[in-house]
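Here the structure comes first, spelled out in structure tokens, and everything after it is commentary.
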Amino acid sequence: MIDKWIRQTSGIVLLLIGLTSAIAFDRIARWFFFISPDGDIGDATMLELRVVLASLGVIGFYLFFRGGVHRFFRWLHHHINTSSTADFLTIVLSAGLILRVLVILCMEIPLYIDYQGYDELAWTWVQQGGYYNGEHLTGYYPVGYPFFLSRLYYLFGHAPLAGVLANIFLSLCIGWLSYRIAGRIFGEKTGRWCLLIMMFFPSQILFVNLLASEMLFTPLFLLSLLMFIPADARGIQGWFKGGVMRPHVTPALQSEGRQASRLTAPLPQRRLTRSMGDYLLPIAGGVLLGLATLTRALTQVYWLVLLPLFFLQSGSLKKAATQTVLVLAALALVVTPWIVRNHQAVGRARVSTNGGINFMIGNNPGSGMGWIEVDSVEFNTHDATREAYIDSVGWRRGWAFIRQDPVAFLKRGLLKIGYFFAGDLTAIHYQMKQAAENSRVDWSVLVAMYSQGYYIMVLLFGGFGLVVYARSSGRRPGGYLLWVTILFWTAVHFVFFGHARFHFPIMPMIVTFAALYIVDAVEETEPPIHE
């Protein structure tokens, strides 16, 4: 009874905060000037802040009406799990496809900041036959997405529409891979909820309209993770034949199937396929991590989190170390040629030369919310002849700031994480900025409020799902990979700088835990985590 009273009281408080932010935000806006180092927040950022605070009312609604929400989830849970796998995938992926096509039909393609940069680099590649910024070779942005976009421009001409059409396919791949990963770790029911949430996730839908590197990076990264999560003990044979694509069966039937497999499969064949999977899959995962690194450079250190995963899966430190070395070797094989090229072309042996400036942006006396404009003369990132200098000086000044004021670094790190997670409005920012400049509330603001409300509920359920996973018995190592991936990218942006755009690649992991919580809540049983 006390728990219910606390929950409903909290719900009422959050509902009031949400309504106040939506209706009378001007009266409370001054309370939030602390997030800017100079107390000056632009109109567009203030509008986004208003939407973020208003979305807290969605959490309040859930807390106050939790019983009704769970009854709706039970009804939906029954319907999505009584259809066949083929029917479910066809219906949900088709609905996701239609929504993404509608976005492209109804919204203009915003070409500004990085999105404009990728567009120009890709078209220059087609015209000049290489990775150039103007007349000079460049290594500023990671090469992966500009190269991918340049191949589309080579085929279809300078048409940003080709890029966003490709994004539709990539977005559907993100949803399907999320489904595969969630189902492989937590079972078919969780996988289906994960796909359902991803296909109707507003920001996942709206993002297809951006020429953003996240659209290529995320499926590459997810596919690499899938290589590190074996379907069962049959190694590479199990990877191809096992997993969530099979019709959903009970644990008892799964056990019977495994016993039958042991009885019928020849022992040498079982050992061979298991051995192949133990070593070929880490190599394949390393190659994919290398491709992801060429799209988002900081992925090059992600391999560090894999040693504990491999140890949890095998129980052998020697085997885990061997698999980790294989991942690192495959990753290095992919990225080293480009690092050598950058050393020869721009004088820096890096995957990209924007690491230093990004590091300094988040670590200097003026960095508040995690981003600050840098001096346009000394740090003119459009000047390809100064890339090596900018990268070198950026790293030195960033480290100097941290050494001189470590407390400020820690405080700003928390602000960066707040900025990293608080909003989910990147894909609608351009339209919201226009609305803010014209002092009007138009369709973009309404879409933003719906998008942010959806996102905040996914975060809430994702947190609950982490608790469910932590308390469950028989946890599979794949769950470790999900939460440590969330932690890894959070730590990266604690150190560098935070922006809502950058949490896009970890949303499939958060959605997976949200799906786990929903399944646990509606079934009111042990979480569907199987051996």
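Any read-out appearing in this document is the output of simple, stated calculations on the displayed coordinates, not a laboratory observation. What you see is a predicted model; the values in this text were computed from it and never measured. Reconstructed Cβ throughout: ideal geometry from the backbone, glycine too, with neighbour counts over all protein chains shown.
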*Net charge, H77 excluded, C-beta distance under 14 Å - Lys, Arg +1, Asp, Glu -1*: 0
*Ranked highest first by average number of other Cβ atoms within 10 Å, how do 356-365, 117-126 line up?*
356-365, 117-126
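Would you tally the net charge around D114, using a Cβ to Cβ cut-off of less than 14 Å, leaving D114 out, and scoring K and R as +1, D and E as -1?
Summing Lys/Arg as +1 and Asp/Glu as -1 gives -1.
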_Shape parameters for the stretch 169-232, alpha-carbon atoms, Rg then Dmax in Å_ = 11.9, 38
*For the stretch 81-92, what does the Karplus curve 6.51 cos²θ - 1.76 cosθ + 1.60, with θ = phi - 60°, yield as ³J(HN,Hα) per residue in whole Hz, taken in order and with x for Gly and Pro?*
9, 9, 8, 5, 4, 5, 5, 4, 4, 4, 5, 6
_Net dipole in debye of the stretch 109-228 [+1 Lys, Arg Cβ; -1 Asp, Glu Cβ; about Cα centre; nearest 20]_ = 600
*asked:* With a cap of 16 neighbouring Cβ atoms within 10 Å, and only residues DSSP puts in a loop, list the chymotrypsin sites (Phe, Trp or Tyr not before Pro) found in the stretch 170-214.
replied: F200
